[in-house]
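Peer 1: Have a look at the structure that comes next, please.
The values are calculated or read from the model by the stated rules, or taken from the named source; none is laboratory data. What you see is a predicted model; the values in this text were computed from it and never measured. Here Cβ is always computed from backbone atoms with ideal geometry, including for glycine, and neighbour counts include all displayed protein chains. Note: accessible area is taken over every heavy atom of the protein model, side chains too, but ligands, DNA and RNA are not part of it. Shrake-Rupley method; radii C 1.70, N 1.55, O 1.52, S 1.80 Å.
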Amino acid sequence: MTQANESPQELFGMRVAHVGINAKNPEEAAQIANDFSVLMGLPAYDTPISVFSGTVVETMKENGRGTHGHIGFHVDDLEAAVAWFAERGLAIDESSRKLAADGSTRLVYFDREIGGFAIHLTTD
């Protein structure tokens, strides 16, 4: 069991991986990504479900998880982080679990939003 004063930043190298924005459609997602490109010099690249602006902002093409969007947090040890958060009452949505090629979990969402944002942990 971890100490109450230990932080996930210290324990698991937790940091913001990216912020997700929900767009209404692919055209709006492209425009949002372009705006971030102009504002911050972040190159836009298209994926099947979203448009990334560098690695900082992910704009979902068709309203992704969360009322407003999502926030992804990188952790070095995902399973240890999941256990740590579970001790504090934050459960995982098991249906959101995405696996890496080696079978390990690479991404998982919590089962509730915080401030209108879905929250996920990732090893990416």
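Peer 1: Convert each backbone phi in segment 110-118 into a coupling constant with the Karplus relation 6.51 cos²θ - 1.76 cosθ + 1.60 (shift: θ = phi - 60°), then list the ³J(HN,Hα) values in order as whole Hz, x for Gly and Pro.
Peer 2: Coupling constants for segment 110-118: 6, 8, 8, 8, 10, x, x, 10, 6 Hz.
Peer 1: OK, next. Return the long-range amide H neighbours of residue 50 (sequence gap of 5 or more, or a different chain), with a cut-off of under 5 Å between placed amide H atoms.
Peer 2: HN-HN under 5 Å from residue 50: 61.
Peer 1: Express the carbon and sulfur contribution to the solvent-accessible surface of the chain as a percent, rounded to the nearest whole number, probe 1.4 angstrom.
Peer 2: On the way: 3920 of 6980 Å².
Reported share for carbon and sulfur atoms: 56 percent.
Peer 1: Next question. Stretched out fully, how many nm does the piece from residue 77 to residue 47 gain, at 0.36 nm a residue minus the Cα gap?
Peer 2: Values: separation 30, 0.36 × 30 = 10.80 nm, distance 2.61 nm.
This chain segment gains 8.2 nm when fully extended.
Peer 1: Using packing as a proxy for protection, rank 66-74, 31-39 so that the peptide with the highest average count of other Cβ atoms within 10 Å comes first. Each step should come with its number before you reach the end.
Peer 2: On the way: 66-74: 17.8, 31-39: 15.7.
Highest-to-lowest ranking by the protection proxy: 66-74, 31-39.
Peer 1: Further question on the same structure: Roll a 1.4 Å probe over the protein chains and send me the accessible area per residue for the chain in Å².
Peer 2: On the way: 6980 Å² over 124 residues.
Per residue, the chain has an accessible area of 56 Å².
Peer 1: Still on this structure: In degrees between 0 and 90, to the nearest 10, how far off the longest principal axis of the chain does helix 26-40 point, with axes built from Cα atoms?
Peer 2: Result, in degrees: 80.
Peer 1: Additional query: So how tilted is helix 78-87 from the main axis of the chain? Cα-based, degrees 0 to 90, rounded to 10.
Peer 2: 70 degrees
Peer 1: If you average the C-alpha positions of segment 99-124 and of segment 39-54 separately, how far apart do those two centres end up, in angstrom?
Peer 2: 20 Å
Peer 1: Please report the relative contact order for segment 27-124, taking Cα pairs under 8 Å with a sequence separation of at least 6, and give it as a percent rounded to a whole number.
Peer 2: On the way: 154 pairs, mean separation 22.9, N = 98.
Over segment 27-124, the number comes to 23 percent.
Peer 1: Per the helix-only calculation at 222 nm, which mean residue ellipticity applies to the chain, given -39500 (n - 2.57) for every DSSP H run of n ≥ 4 and division by its residues, nearest 500 deg cm²/dmol? Provide the component values of the computation, followed by the final result.
Peer 2: Values: 3 runs with 30 residues, N = 124.
Calculated mean residue ellipticity at 222 nm is -7000 deg cm²/dmol.
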